[in-house]
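As structure tokens, the structure follows; a few thoughts come after it.
The values are calculated or read from the model by the stated rules, or taken from the named source; none is laboratory data. What you see is a predicted model, and the numbers here were worked out from it, not measured in a lab. Cβ placement follows ideal geometry from the backbone for every residue including glycine, while neighbour counts extend to all protein chains displayed.
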Amino acid sequence: MIAKEERKNDMKMYECTLPQTNRLAFDYLADKQLVRELFDYHYRTKDTYKKRQEELQKRQFPRRELVTHLKQFNKQFAPHEKTLINIEKLTNENSLVVIGGQQAGLLTGPLYTIHKAISIIQLAKKQEKELGIPVIPVFWIAGEDHDFDEINHIFVSDEMKNKKVSISQTQTTKQTMSQMKMDKIKVRKWIDMVLYYFGETNYTNGLADSLYIKIEQSETFVDFFAHLMTELFSKFGLVLVDSGDKDLRKIESSLFNEIITHNPSLQQCVNEQLDYVKALGYEKPIETDKNNAHLFYHHEEQRILLYQNENSEFYGKNNECLFSKKELKNMALYFPEKLSNNVITRPLMQDYLFPTVAFVAGPGEIAYWGILKKAFHLFNMKVPPVVPRLNITFVDRTVEKHLQELNIPLEEVLVHGTKAKKQNWFNQKKQWDVEEVSEKTKQQIDEVHQSFRLLAVDVDPSLKKLAEKNITIIQNQVGFLEKKIHSTIEKRYKNELNKFDAVEMALHPDNGLQERKWNIYYYLNEYGSDLIDRLLEMDYQFNDKHKIIFL
């Protein structure tokens, strides 16, 4: 049921409840006891953040090294002074962070990246007010990821169909996104193609000029992503950190050493929790080999996942490398830039570096963080409060008008789309039962033609195949006429049927939520570059409700 309405400038916000597709995440939101026990805190429990604050006050963090690094990294992207002020606040021993992250998607990737940044900023603001101490919003760029295919595209709408628009640049090695150089010419051509599909508006030229400048200022895809995120969110104090930055690895050296030292125990913790989650009746959130060391080794632009054998040696799956424990510990000490984290150790490293009062997570992250409790405890840390990011759907005025004209409940569209409604509406409008008449015609033709087929076989058995082909051709012609009749009828109701399709495309593309498919730059092209500012002026409640914003 749609609840609460909030108005901000010319935009409206409603809240509604939608079903979760991830069972473990759903039960976490519902605060079910079995899932609660997988975490150290629950984000809705009274005094959770106060207790987390007290816990963090007992721990030591590399604050000064982190501040030096964050200043150096963020200054590359010409941030607003609020970001630099927030970085400086980390020197305060009482300060905390709200953190979350995402891959460095082209043009920031799917909308959920933007929703996560909004969530981090809003939650940090709320916790700073409630705790009475500095709370800094931090966005963790997953620059150490190496799968270019996951970030090398966005989706656009093309004649009522989803179209994947990928950049023509290819990845020749398993470089991380922090290392992979951009082909600026190809990126610029890709931008032009994307803007073509978005359509020209009053904002397009300004948007294009801004993007061209950011391309020229960037060397890697992480640079490009960071430039865009800085432009969109720096005035709200968002601090960026790149997990793939070599200088950051120097600060991570100590925990790398601990992970190597206690690797068999780490493997055991992860494997036991995976088995336990499965025993509870949930799908395993990740699949991993039993002897996965949960670290990567970087060699000649290759990122090699390490495993550990019975001799405590670390090796690549295809025997690309072999290290003794001592050799790998020395690497962690003297050449930490040669190591990086995987999906298991990244959360540990994040909590080692930052005094994290809350981690903002998507549904998939909630599920796999549910297997990390023992791993956190192994390194004398606790799982921070895991807060579901805000789920948001944008509804433009045209789609809003279509919804009213078609009299379709918005929640129903978000869950089921419009296909069934469209078909029911069309069936009611049709005056003729084309399918029934077509089927009867085919049956009658078959009955009449049967004697003709028998005659052909009687004259010459070799004519059997030709006779069968003949009836098939005739039946196909009836089917062809049926399709033409349908097409003619649909043309009479084209405008109304297109409205169903437009609503589906905007709100339920590919049978899923808008946030997983569309990109923020489509909306910036339609509504102007200050759209993010207006979105962040709104008041968001972290109450598990889906936010619907009418633009």
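Of the helices (runs of 4 or more DSSP H) lying entirely inside the stretch 462-538, the ones with 3 or more residues being out of contact with any His (no Cβ under 8 Å at 6 or more places or on another chain) and not assigned by TED's automatic domain parsing to the domain that holds Phe225 are found at 464-492, 494-507. Would you confirm whether or not the stretch 293-315 contains a residue that is out of contact with any helix residue (DSSP H, G or I) (no Cβ under 6 Å at 6 or more places or on another chain), under 27 Å from Phe26 (Cα atoms), part of a loop (DSSP other than H, G, I, E, B) and not assigned by TED's automatic domain parsing to the domain that holds Gln102? No, that holds for no residue. Exactly one residue out of Ile114, Ile118, Ile87 is farther than 14 Å from Ala361 by Cα, part of a helix (DSSP H, G or I) and aliphatic (A, V, I, L, M), and it is Ile87. Scanning for something in a helix (DSSP H, G or I), without any contact (Cβ under 8 Å) to a residue 12 or more places away in the chain and under 21 Å from Phe480 (Cβ atoms), does the stretch 411-432 turn up at least one residue? No, the stretch 411-432 contains no residue that is in a helix (DSSP H, G or I), without any contact (Cβ under 8 Å) to a residue 12 or more places away in the chain and under 21 Å from Phe480 (Cβ atoms).
With respect to the conditions (1) free of Cβ contacts under 8 Å to residues at least 60 places away in the same chain; (2) more than 28 Å from Leu390 (Cβ to Cβ); (3) charged (D, E, K, R), Asp351 falls short on a single one, namely (2).
Filter the stretch 8-47 down to the residues that are among the aliphatic types (A, V, I, L, M) and surrounded by fewer than 16 Cβ atoms within 10 Å (Cβ to Cβ), then identify the one that is nearest to Ala279 (Cα to Cα).
Top of the filtered list is Leu34.
Per the listing Lys278, Lys235, the residue uniquely assigned to a helix (DSSP H, G or I), without any contact (Cβ under 8 Å) to a residue 60 or more places away in the chain and either surrounded by 16 or more Cβ atoms within 10 Å (Cβ to Cβ) or among the basic types (Lys, Arg) (or both) is Lys278. Can you find even one residue in the stretch 151-166 that is more than 30 Å from Gln53 (Cα to Cα), at pLDDT 95 or above, of a type in the set (Phe, Trp, Tyr) and under 23 Å from the mean Cα position of the chain (by Cα)? Checking the stretch 151-166: at least one residue is more than 30 Å from Gln53 (Cα to Cα), at pLDDT 95 or above, of a type in the set (Phe, Trp, Tyr) and under 23 Å from the mean Cα position of the chain (by Cα). Scanning the stretch 510-525 for residues that are touching a residue at least 60 places away in the same chain (Cβ under 8 Å) and not charged (D, E, K, R) yields Asn511, Leu513, Gln514, Trp518, Asn519, Ile520, Tyr521, Tyr522, Tyr523, Leu524, Asn525. The listed residues are Arg389, Arg397, and the only one of them that is surrounded by fewer than 19 Cβ atoms within 10 Å (Cβ to Cβ), on the phi < 0 side of the Ramachandran plot and either charged (D, E, K, R) or at pLDDT below 95 (or both) turns out to be Arg397. Filtering Ala420, Ala467 for residues that are among the aliphatic types (A, V, I, L, M) and closer than 24 Å to Pro19 by Cβ leaves a single hit, Ala420. The residue list Lys82, Lys50 contains one member that is closer than 30 Å to Ala30 by Cα, touching a residue at least 40 places away in the same chain (Cβ under 8 Å) and not in a loop (DSSP other than H, G, I, E, B), which is Lys50. Taking the conditions exactly as written (in contact with an Asp or Glu (Cβ under 6 Å, 6 or more places away or on another chain) and under 30 Å from Leu414 (Cα atoms)), does Gln122 satisfy them or not? No, not satisfied.
Would you please name the residue that is surrounded by the most Cβ atoms within 10 Å (Cβ to Cβ), looking only at residues in the stretch 57-79 that are in a helix (DSSP H, G or I) and over 29 Å from the mean Cα position of the chain (by Cα)?
Among them, the one singled out is Arg63.
Does the stretch 447-465 contain any residue that is of a type outside the set (Asp, Glu), touching an Asp or Glu at 6+ places or on another chain (Cβ under 9 Å) and in contact (Cβ under 8 Å) with a residue 40 or more places away in the chain? The answer is no, given that none of the residues of the stretch 447-465 is of a type outside the set (Asp, Glu), touching an Asp or Glu at 6+ places or on another chain (Cβ under 9 Å) and in contact (Cβ under 8 Å) with a residue 40 or more places away in the chain. Taken together, the residues in the stretch 333-363 that are assigned to a loop (DSSP other than H, G, I, E, B), surrounded by fewer than 22 Cβ atoms within 10 Å (Cβ to Cβ) and over 24 Å from the mean Cα position of the chain (by Cα) amount to 1.
Does the stretch 200-222 contain at least one residue that is surrounded by fewer than 19 Cβ atoms within 10 Å (Cβ to Cβ), under 19 Å from the mean Cα position of the chain (by Cα) and assigned to a helix (DSSP H, G or I)? Looking for residues that are surrounded by fewer than 19 Cβ atoms within 10 Å (Cβ to Cβ), under 19 Å from the mean Cα position of the chain (by Cα) and assigned to a helix (DSSP H, G or I), one finds none in the stretch 200-222, hence no.
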